[in-house]
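Let me begin by presenting the structure, written as structure tokens, before commenting on it.
Taken together, the values in this text are just the output of simple stated rules run on the coordinates, not laboratory data. Quick caveat, the model's predicted, so the values are computed rather than measured. Neighbour counts run over all protein chains shown; Cβ positions are idealised from the backbone, glycine included.
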Amino acid sequence: MATYSKKELADRVQQYQKLLQNTQQYRKAWDETLKNKLTTWLKELIEEVGLSAEVEEAETSFVNLHGITLSLGFERTDIAKVIDDEVHKPLYKFNGALGYYQVFNGKIRAVILFPYIEDIQQPLPDKILGIYRPDELTKDLIVEHLVRFMDTICEYEDFDDEEPPPSIGFHPPQRRKK
């Protein structure tokens with residue numbers, strides 16, 4: 001059984017108190033500067049590169065769990081669900097989003113929300129790009145996130161079965177093309 005000293009306990013208490021202070025500082029930074037910086041940077045970047053997207057504050061029913069979302073929006077697809085011979089319900093597609101959301105300790109989680117088509121696809125789990133202290137979120141990091149976001153969206157839109165087969169399991173011999 002491990003033995004601990006009172007100094008080790010005091011160190012843990014001090015660490016805990018510092019973490020609680022950090023949470024308050026991170027939330028204050030969000031309200032005072034970060035929310036506006038993120039919004040401005042995202043709007044500037046999409047305008048500079050010609051990306052059609054909306055940047056908006058994420059809706060929430062909580063205090064201190066806010067977010068900013070860059071959304072590629074929703075659109076009506078040319079796919080329709082047959083209700084009966086005469087009625088077809090058009091389906092809509094969510095085109096994906098890049099989000100910056102506060103987590104419980106005031107840090108910011110950057111995530112990609114995947115595209116999906118209602119009624120025929122379930123949204124994939126969010127792809128977490130990272131969790132950051134407010135001072136770590138720079139315009140350069142936002143550019144990196146936007147590149148990764150666009151890579152993810154392009155990969156989704158270009159989905160096919162041309163990926164090489166997985167290396168585990170039985171694989172019949174591949175025929176050579178002549």
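Nearest 0.05, what FRET efficiency do ASP119 and GLN25 give at R0 = 45 Å with Cβ-Cβ as r?
The value I calculate is 0.50.
What's the local net charge at LYS89, with K and R +1, D and E -1, over the other residues with C-beta under 9 Å away? Show your work: numbers first, answer last.
Numbers: positive: LYS81; negative: ASP119.
Once positives and negatives cancel, what remains is 0.
Give me the net charge of LEU129's neighbourhood, meaning all other residues with Cβ under 10 Å from the Cβ of LEU129; Lys, Arg count +1, Asp, Glu -1.
So the environment of LEU129 carries a net charge of +1.
For the chain, with the dipole built from +1 on Lys and Arg beta-carbon atoms and -1 on Asp and Glu ones, taken about the Cα centre, which of TRP41, ALA97, ALA110 lies farthest toward the positive end?
Most positive-ward Cα: ALA110.
Quick one: check the C-alpha center-to-center distance for segment 1-51 versus segment 57-71, whole angstrom.
17 Å
What number, in nm² with one decimal, is the all-direction average of the projected area of the convex hull of the alpha-carbon atoms of the chain?
Here the figure is 20.9 nm², rounded to one decimal.
Among THR69, GLN14, VAL147, whose Cα lies farthest out toward the positive end of the dipole of the chain, if unit charges sit on the beta carbon of Lys, Arg (+1) and Asp, Glu (-1)?
Most positive-ward Cα: GLN14.
Spelling out what I want: for every residue of segment 118-134, take phi, set θ = phi - 60°, compute 6.51 cos²θ - 1.76 cosθ + 1.60 (Karplus), and round to whole Hz; glycine and proline get x.
Each residue of segment 118-134 in turn: 4, 6, 10, 9, 9, x, 6, x, 4, 9, 7, 8, x, 10, 10, 6, x Hz.
Going by amide H atoms built from the backbone, whose H comes under 5 Å of the H on LEU137, apart from near neighbours?
Correct list: empty.
Can you tell me the order of 95-101, 48-54 when each peptide is scored by its average per-residue count of other Cβ atoms within 10 angstrom, highest first?
So the peptides 95-101, 48-54, ranked by packing, come out 95-101, 48-54.
List the residues whose amide H sits under 5 Å from the amide H of HIS66, counting only those 5 or more places along or on another chain, with H placed 1.01 Å from N in the peptide plane.
Answer set, sorted by chain and number: GLN102.
Roughly how many debye, to the nearest 20, is the charge dipole of the chain about its Cα centre, given +1 on each Lys and Arg Cβ, -1 on each Asp and Glu Cβ, and no other charges?
Values: 23 positive and 31 negative charges, 251 e Å.
Roughly 1200 debye, rounded to the nearest 20.
With θ set to phi - 60°, apply the Karplus curve 6.51 cos²θ - 1.76 cosθ + 1.60 along segment 95-108 and write out the HN-Hα couplings as whole Hz, x wherever there is a Gly or Pro.
Karplus values, whole Hz, x for Gly and Pro: 8, x, 7, 10, x, 10, 10, 5, 10, 3, 9, x, 6, 10.
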